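The values are calculated or read from the model by the stated rules, or taken from the named source; none is laboratory data. What you see is a predicted model; the values in this text were computed from it and never measured. With ideal geometry, Cβ positions are generated from the backbone for all residues, glycine too; neighbour counts draw on all protein chains shown.
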Amino acid sequence: MTPSPAPTARAVALALLCALFAGGAAAQNVAAERAACERPYKPQSGQEGKDVVWVPTPDEVVQRMLQMVDVRPTDVVYDLGAGDGKIAIAAARLGARAVGIEFNPQMAWLAQCFVRAEGLDGKVRIERGDVFEADFREATVVTMYLLPELNLRLIPKLLKDLKPGTRIVSHAFDMGGWQPEQKAKVAGKDVYSWTIPAPGTPAYAAAMAASRQ
Ligand SMILES: C[S@@+](CC[C@H](N)C(=O)[O-])C[C@H]1O[C@@H](n2cnc3c(N)ncnc32)[C@H](O)[C@@H]1O
């Protein structure tokens, strides 16, 4: 058998150019599809929401949140108050399955449209619902950017519904007396994380007590 000739520098350069062009065209296509999603409904940062306004988490903060709780392809990530779906989409890009819970039906529609534009239908589901009533028991990671009092109100549901070991990460707001395990400052924003403790442990009692403060 004769060995196949090594590719010439020219052939390699051509293949690289083709790959770059294809990548650029795909990115342009996603951008165009996302722009089409915003034609019927374009939200404004700071607009009213049921319990909290919509303000998107900056991209670098999203990345730090997901890194802090070590999101992996085996994870099921729930974003409580999903907005335009950006945290759920970022989690799916890391290989995880993700669900966003969003109360505003137009916002939930937009988030689902962005999910389709990104080609992540099979990985991300946006549910229109209220975080205080939603079923997120299957989560292995929960992400939040809500408000201090909403975090505290959610503690009993988080403790009751989530399996011990589930990681929680919050942008901007802590959980009062439930001390975070990790803290970081990213682009001037605070990020905190916790792990759901096992029932009956002092950590569980401390977390529950924090919700009553
Ligand atoms: C501060 S934004 C965060 C959006 C997204 N998680 C992010 O970090 O980019 C909060 C979102 O929660 C939604 N929201 C407010 N109250 C809610 C509730 N009770 N249930 C579900 N979503 C809610 C708002 O409509 C808004 O989109």
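Please determine, by comparing only the residues of the range 84-132 that are in a loop (DSSP other than H, G, I, E, B) and among the acidic types (Asp, Glu), which one is surrounded by the most Cβ atoms within 10 Å (Cβ to Cβ).
It comes out as Asp84.
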Among the candidates Pro40, Pro56, single out the residue that is surrounded by 11 or more Cβ atoms within 10 Å (Cβ to Cβ) and not in a helix (DSSP H, G or I).
Pro56
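For (1) touching a residue at least 12 places away in the same chain (Cβ under 8 Å); (2) part of a loop (DSSP other than H, G, I, E, B); (3) buried (at least 17 other Cβ atoms within 10 Å of the Cβ), each residue gets a yes or a no:
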{"site": "Ser170", "(1), (2), (3)": "yes, no, yes"}
{"site": "Phe173", "(1), (2), (3)": "yes, yes, yes"}
{"site": "Ala184", "(1), (2), (3)": "yes, no, no"}
{"site": "Asp190", "(1), (2), (3)": "yes, no, no"}
{"site": "Trp194", "(1), (2), (3)": "yes, no, yes"}
{"site": "Pro199", "(1), (2), (3)": "yes, yes, no"}
{"site": "Ala205", "(1), (2), (3)": "no, no, no"}
{"site": "Ala209", "(1), (2), (3)": "yes, no, no"}
{"site": "Gln213", "(1), (2), (3)": "yes, yes, no"}
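Determine, yes or no, whether Gly49 is surrounded by 10 or more Cβ atoms within 10 Å (Cβ to Cβ), within 16 Å of the ligand (Cβ to nearest atom) and small (Gly, Ala, Ser).
Values: surrounded by 10 or more Cβ atoms within 10 Å (Cβ to Cβ): yes; within 16 Å of the ligand (Cβ to nearest atom): yes; small (Gly, Ala, Ser): yes.
Criteria met by Gly49.
Can you pull out the residues in the range 59-83 that are assigned to a strand (DSSP E or B) and either near the ligand (Cβ under 10 Å from one of its atoms) or in contact with a helix residue (DSSP H, G or I) (Cβ under 6 Å, 6 or more places away or on another chain) (or both)?
Let us first name the residues in the range 59-83 that are assigned to a strand (DSSP E or B), namely 76-80.
Scanning the range 59-83 gives Val77, Asp79, Leu80.
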Could you grab the pairs with beta carbons closer than 6 Å, sequence gap of 6+ or different chains, first residue in the range 28-44 and at pLDDT below 95, second one assigned to a loop (DSSP other than H, G, I, E, B)?
none
